[in-house]
Amino acid sequence: MNYQSSKTLFERAQHSIPGGVNSPVRAFKSVGGTPVFMEKAKGAYLYDVDGNQYIDFINSWGPMILGHAHEPVIKAICDKAAGSTSFGAPTKLEIEIAELIKTMAPNVDLIRMVNSGTEACMSAIRLARGYTGKNKFIKFEGCYHGHADCFLVKAGSGVATFNIQKVPGVTAGVATDTLTCPYNNIAAVEKLVAENRNEIAAIIIEPIAGNMGCILPGEGYLETLRKICDRENILLIFDEVMTGFRLAKGGAQEKLKVNADIITYGKIIGAGMPVGAFAGRKEIMHHIAPVGSVYQAGTLSGNPLAMIAGYTLLKELSTNPVIYDELEAKGAYLEKGLSGALKARSHAFRINRLSSMISVHFSDHDITDFASASEANIEVFNNFFHHMLNSGVYLPPSAFETWFISNAITYQDLDRTIDAASRF
Ligand code: KE4
C-alpha cells in the first residue's frame, strides 16, 4: 500500500493540530506508523487520500451501523440544511426523535439531547448526584465514558492505549469522588459500597465494555449490580454510547434484560453527526433544568441537522428489526472465520463478541476485565493491525477498542477479512 499522501498530510497536520489529530486514538501512536488520512467513504468501504480502499471495522467508532453515506441519511441532511443549520430554539423534530426513541428504548420517559457521549455521561453523573444528594460514584477500570475530568481515572480507550496512569489537569479533588474497581467483580463493588455507605450516588458501567476491547458481563453480573443499586439507593447508569441502538432497538437494556435508571447515548443516535443524549424515568429526569435545578445546557443541542440524521437512521432501525438479526449473523460468521484463520497461526488468541461488537486479543487466557486485556500481547496485536491494514482491512488502531460491523458489509467482505487474517 502506498501511504505517501497520508505521510505528507500527517507531517503538515502536526504543525497546526496537537499530534496532528483531533482525537488521540486516531494517531496510531500505540500501533505505530502513520495514521491514514481518509478522503471519503461509502457503505462498508473507506478510501484514503492515496486512493487505497479499506473494509471498515471502525465505522466512525460505531455510528455507521448501516454503512457510510447511507443515502436516506445524506438526503435528509441536505434537505434540512436548506432551512438553516441551527436555531437555538425548540423544534418539532426534537419532539419527533424523542418520541421515536421512547418507542425503541425501554424504560425511557424523558430524554435530553446533547452534543457528545462525554456530555451525556457527565450530565448523567451530575443528575445522579443532584437526585440522590450524594457525591461519589463507581466506574470500572478500563471503561471509558468520555473525557470529563471525573471519568479520567483508570479509563479505557485512548487513556488505556497510551497507558496514562494519571491525567495531568484532573485534580485530586475531582478524583476523590470517583471510585474504581475491576469489571466483572461483584465482591469489589460490595467492598466499595461498604466502605462508602450512603455516599455513592451512582454506578456507571458500559453494559458491554467496548473500551478495553469488547468485554461481556459475566452471568448475572449486571443483574447483581441492579440489586445492589436497589438495596443501597444508588442509581445504575448504563453508558450505551456504543451499545445503544446497536445491540438491539432497545440496546443493552433490551438485549441483556436489565434496566438502568439513567441511560446515556451517542454515536448511532446522531448517525455520524455530533449527538449524545441521556434519558430515564420522569421522577429522575424532572430534576434537570428547567424543570429541576440540575443545570445542563448546550447551544447546539437538538440542532436540526443532527436530529434529522439521527431520526432518519433510528427510524430505519426501528422499522426493520431484521437488521439486528443480519448483524448477529455477520458477527457470528466473522467470529467463526477469524477463529479458524488464527487457529492455524502461532499466536494464542481469544475473540470476544456480542452481536456486531467484536475484538481479537492475542492471549492464552480469557479476557474478562482490564487486567486480562492488558496482559494480552499488545505487540502481536500491533503487527496484526498493520498486516490487516496492508491487506485493505481497517481495524481500530488499538488493542483497547472494539471493532464495529456495519450492515453494509457483505459476506464477500467478511471472507476477504478472514482470508487476510489467515495470512498473518
Ligand atoms: P464522545 O464524547 O467521544 O462522543 O463519547 C465518549 C464515550 C462515552 N462512552 C463510551 C462507551 C464511549 O465509547 C465513548 C467514546 N468512544 C471512543 C472510542 N472508544 C471515541 C473515539 C475517540 O475518542 O476518538
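Couple of notes before you dig in:
- When the alpha carbon gyration tensor of segment 71-319 is reduced to an equivalent ellipsoid, its three semi-axes come out at 30, 18, 18 angstrom, largest first.
- Accessible-area composition of the chain, carbon plus sulfur, in percent [1.4 Å probe]: 53 percent
- Ordering Y54, G270, N2 by Cα displacement along the dipole of the chain toward the positive end leaves G270 in first place; charges were set at the Cβ atoms of Lys, Arg (+1) and Asp, Glu (-1).
- Filtered chymotrypsin sites (Phe, Trp or Tyr not before Pro), segment 53-155: DSSP coil and at most 13 other beta carbons within 10 Å: F87
- At a probe radius of 1.4 angstrom, the accessible area of the chain per residue rounds to 40 square angstrom.
- Trypsin sites (Lys or Arg not before Pro) lying in DSSP loop within segment 318-424, provided at most 13 other Cβ fall within 10 Å: R423
- Cα centroid separation - segment 371-424 against segment 256-303, whole Å: 33 Å
- Alpha carbon convex hull of segment 293-424, projected area averaged over orientations, nm²: 11.5 nm²
- Dipole magnitude for segment 299-382: about 220 debye, using +1 per Lys or Arg Cβ and -1 per Asp or Glu Cβ, origin at the Cα centre.
- Size estimate for the chain follows the Kirkwood approach: the inverse of mean 1/r over distinct Cα pairs works out to 21.9 Å.
- In order along segment 414-424, the phi-based Karplus estimate (6.51 cos²θ - 1.76 cosθ + 1.60, θ = phi - 60°) of 3J(HN,Hα) comes to 5, 5, 5, 5, 5, 5, 4, 5, 5, 9, 6 Hz; Gly and Pro are listed as x.
- Within the chain: Cβ-based charge dipole about Cα centre, in debye rounded to nearest 20 (Lys, Arg +1; Asp, Glu -1): 360 debye
The values are calculated or read from the model by the stated rules, or taken from the named source; none is laboratory data. Values in this document were obtained by computation on a predicted structure and should not be read as measured data. Reconstructed Cβ throughout: ideal geometry from the backbone, glycine too, with neighbour counts over all protein chains shown. All accessible areas refer to the heavy atoms of the entire protein, side chains included, with ligands and DNA or RNA removed. Shrake-Rupley method; radii C 1.70, N 1.55, O 1.52, S 1.80 Å.
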